[in-house]
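Visitor: Below is the structure I would like to discuss, written out as structure tokens.
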Amino acid sequence: MKIAVTYDNEGGIFQHFGHTEFVKVYNVEDKNVVSTEVLSTDGNGHSAIATFLNDEDAKVLICGGIGPCAISALAEYGIVLCAGISGNADEAVDAFLNGTLDFQTEANCNHHGEGHSCGSCHH
């Protein structure tokens, strides 16, 4: 199984899904991380990033803020969403694998006022 985390290149979870430039992908076998890789998404918007994650065969996404259209795009690919997470990416994956990650599955984007509305989809 592959778990993807929006990644800020300092080890943290990037907080705005639609603008994430990097994801860290964790290859997991038997609840153990066997390898990781940081990949560039080119930050092309939520639909393109959801397609990118699907192409990478990610089954789970751990992220910070995310809007409703991004959630829909991920759902189309059957990617499980763990949103509202901040802090260290590696620690979040460990918590997910241990069943202790406290996450949301609803839209929680808090970046309104930055020139966009997360309530409207632009595909």
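The values are calculated or read from the model by the stated rules, or taken from the named source; none is laboratory data. Owing to the predicted nature of the structure, the values given are computational and were not obtained by experimental measurement. Here the Cβ positions follow ideal geometry from the backbone for every residue, glycine too, while neighbour counts run over all protein chains shown. Side chains included, ligands, DNA and RNA excluded: accessible areas come from the protein's heavy atoms. Shrake-Rupley method; radii C 1.70, N 1.55, O 1.52, S 1.80 Å.
Visitor: Tell me, yes or no, whether the stretch 105-121 has at least one residue that is modelled with pLDDT of 95 or more and open to solvent by less than 40 Å² (accessible area, probe 1.4 Å).
Guide: no
Visitor: If only one of Ile3, Ile62, Ile13, Ile66 is open to solvent by less than 60 Å² (accessible area, probe 1.4 Å) and modelled with pLDDT under 95, which one is it?
Guide: Ile66
Visitor: So, in the stretch 24-37, of the ones that are among the hydrophobic types (A, V, I, L, M, F, W, C) and more than 15 Å from Asn88 (Cβ to Cβ), which residue ends up most open to solvent (accessible area, probe 1.4 Å)?
Guide: Per the stated criteria, the residue is Val34.
Visitor: When only residues in the stretch 37-58 that are in contact (Cβ under 8 Å) with a residue 24 or more places away in the chain, in contact with a strand residue (DSSP E or B) (Cβ under 6 Å, 6 or more places away or on another chain) and not acidic (Asp, Glu) count, which is nearest to Gly99 (Cα to Cα)?
Guide: The extreme case among them is Ala58.
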